[in-house]
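I have placed the structure first, in the form of C-alpha cells, so that the comments after it can refer back to it.
Quick note: the coordinates plus some simple rules give every number you see, no bench work behind them. Worth saying up front: this structure is predicted, and the values here are computed from it rather than measured. Cβ placement follows ideal geometry from the backbone for every residue including glycine, while neighbour counts extend to all protein chains displayed.
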Amino acid sequence: MVSLTDRELMVEYLRWYEIVSNDRKDWEYDGDELLPARSAMEFVRDTWTDEERALIDAVDAYWLDHADQVNEFFRYEHARRGEADLSDLVQGGRAPEITTDHWWWYPIKQQRAVA
C-alpha cells in the first residue's frame with residue numbers, strides 16, 4: 001500500500017486547480033506541482049475522505065471542461081511525462097508507475113456529443 005509523505009500538501013496544491021485558466025507565466029512554476037499532486041492522490045484513492053473526493057471531483061470536472069486551457073498550461077509536462085519523478089511524494093521513495101489511467105498527464109481530447 002502506498003502512503004504519501006505529505007498528504008495535506010498534495011490536497012493544498014490541488015486547491016489551486018483553477019490556475020490552469022490563467023497564463024502559465026503568471027504562475028511561473030507553481031503549476032508544476034498540480035499533476036504530481038493529482039497522481040499522488042490517485043495512488044491513495046481507496047483512502048480518500050469525503051472532502052478529498054469532492055475536491056478531486058471538482059478538479060477533474062474543471063480540467064475536463066477547460067481542456068484547451070489545461071493542454072496549454074501543462075504542455076511542457078505533457079511532453080515530458082516520461083521524466084516525471086514522484087518518488088519524493090510517497091513514503092519509501094518508490095512511487096507506482098504513472099499509467100494512462102492518470103489521464104491528466106496527457107493532452108485532453110475533447111469529446112463532442114453527437115446529436
So if I place +1 on the C-beta of Lys and Arg and -1 on the C-beta of Asp and Glu, and nothing else carries charge, what would the dipole magnitude of the stretch 7-105 be about its Cα centre? I want it in debye, nearest 20. 260 debye
Sequence-separation-based contact order of the chain, relative, with Cα cut under 8 Å and 6+ spacing, percent: 36 percent
I'd like to know which of 48, 79, 36 lies farthest towards the positive end of the charge dipole of the chain, counting +1 on Cβ of Lys and Arg and -1 on Cβ of Asp and Glu. 79
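Diagonalise the Cα gyration tensor of the chain and give the resulting equivalent ellipsoid semi-axes, square root of 5 times each eigenvalue, largest first, whole Å.
After diagonalising the Cα gyration tensor, the semi-axes are 22, 16, 15 Å.
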Whose amide H sits under 5 Å from the amide H of residue 4, counting only residues 5 or more places off or on another chain, with H placed in the peptide plane? 91
